[in-house]
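Values in this text are rule-based calculations from the coordinates and carry no lab data. It should be emphasised that the depicted structure is a prediction, and the values quoted were computed from it without experimental measurement. Every residue, glycine as well, gets a Cβ built from its backbone with ideal geometry; the counts of neighbours run over all protein chains shown.
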């Protein structure tokens, strides 16, 4: 097995890895299989830890494989099962990322709400100024809409019903909401939102990745549009 995969979460901490690899190039996506690969195999190398903008508590590395010999009994399922397996994994994973985005947005909103009641400007809490009230109203509404999309996609998956479209919608919308809400939470905090003493700047940095991994927002739109146009 030869190749490099970037952006591996827990890349250095893990001892066993699930690798989706091409085993027959002539068959295209039907020539992709899934394997269990162990860290101790000869030719398996872990790259440097990435210095990321956000989710800095998550250990992220590249993985390099150079002529790694993987026994056939380490294959998951039959030959060519890998692509279908990967797509199903992504569909489920998108619900998890949507939930993560929802949590980030909710946390930022709660901090902004609390701060708006404490911070005073022009003789009264800034929560009594309509400009801040409108921000909080938008944040609360967006979060509730995202929550319902996340819950629907999770319910469909648990019920054994088709959920690929719902998970893409939930991931797309919740990640966009996470970015919008965290930016507004920083704005509500004013200058204090820009310093590490207050937590909202970290949430803003953490929010960005939810628009990128498990498929970018643009990929989610492709998935959704293909479904509604077929």
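Could you grab the relative contact order for the chain? Cα pairs under 8 Å, six or more apart, rounded to a whole percent.
Relative CO of the chain lands at 20 percent.
Can you quote the Å³ per residue value for the convex hull of the Cα atoms in the stretch 1-144, rounded to an integer? Spell out each step's value before the answer.
On the way: hull volume 20.9 nm³, N = 144.
For the stretch 1-144, the hull spanned by Cα atoms encloses 145 Å³ per residue.
Quick check on the chain: helices-only [θ] at 222 nm, where DSSP H runs of length 4 and up contribute -39,500 (n - 2.57) each and the sum goes over total residues. Nearest 500, please.
Calculated mean residue ellipticity at 222 nm is -17500 deg cm²/dmol.
If you fit an axis through the alpha-carbon atoms of helix 130-158 and take the longest principal axis of the Cα set of the chain, what angle between them do you get, 0 to 90°, nearest 10?
Around 30 degrees separate the two axes.
For the stretch 73-225, what is the per residue volume of the convex hull drawn over the alpha-carbon atoms, in cubic angstrom? The partial results should precede the final answer.
Details: hull volume 19.1 nm³, N = 153.
Enclosed volume per residue, from the Cα hull, is 125 Å³.
Please say if the stretch 176-230 is rounded, prolate or oblate, where rounded means a/c under 1.5 for a ≥ b ≥ c the square roots of the C-alpha gyration tensor eigenvalues, and otherwise the choice is prolate for a/b larger than b/c and oblate otherwise?
On the way: a/c = 6.36, a/b = 2.99, b/c = 2.13.
Judged from the Cα gyration tensor, the stretch 176-230 comes out prolate (a/c at least 1.5, a/b above b/c).
I'd like to compare 20-27, 100-107, 57-64: which one has the highest average count of other Cβ atoms within 10 Å, and what's the full order after that? Don't skip to the answer; put the middle values down first.
On the way: 20-27: 13.0, 100-107: 23.8, 57-64: 16.4.
Ranking, from highest mean packing down: 100-107, 57-64, 20-27.
Among 80, 193, 160, which one shows the highest mean-square fluctuation when the chain is modelled as a Gaussian network with alpha-carbon springs under 10 Å?
For the chain, modelled as a Gaussian network with Cα springs under 10 Å, the answer is 160.
So if I take the centroid of the Cα atoms in the stretch 148-224 and the same for the stretch 24-50, what is the distance between those two points in Å?
Each part's Cα centre sits 29 Å from the other's.
Using a 10 Å cut-off on Cβ atoms, rank the peptides 82-88, 108-114, 120-126 from the highest mean neighbour count down. Spell out each step's value before the answer.
Working: 82-88: 16.0, 108-114: 20.3, 120-126: 11.1.
Ranking the peptides 82-88, 108-114, 120-126 by packing returns 108-114, 82-88, 120-126.
Given an 8 Å cut-off on Cα distances and at least 6 residues of separation, report the relative contact order of the stretch 3-80 as a percent. The partial results should precede the final answer.
Numbers: 135 pairs, mean separation 31.8, N = 78.
The normalised contact order for the stretch 3-80 reaches 41 percent.
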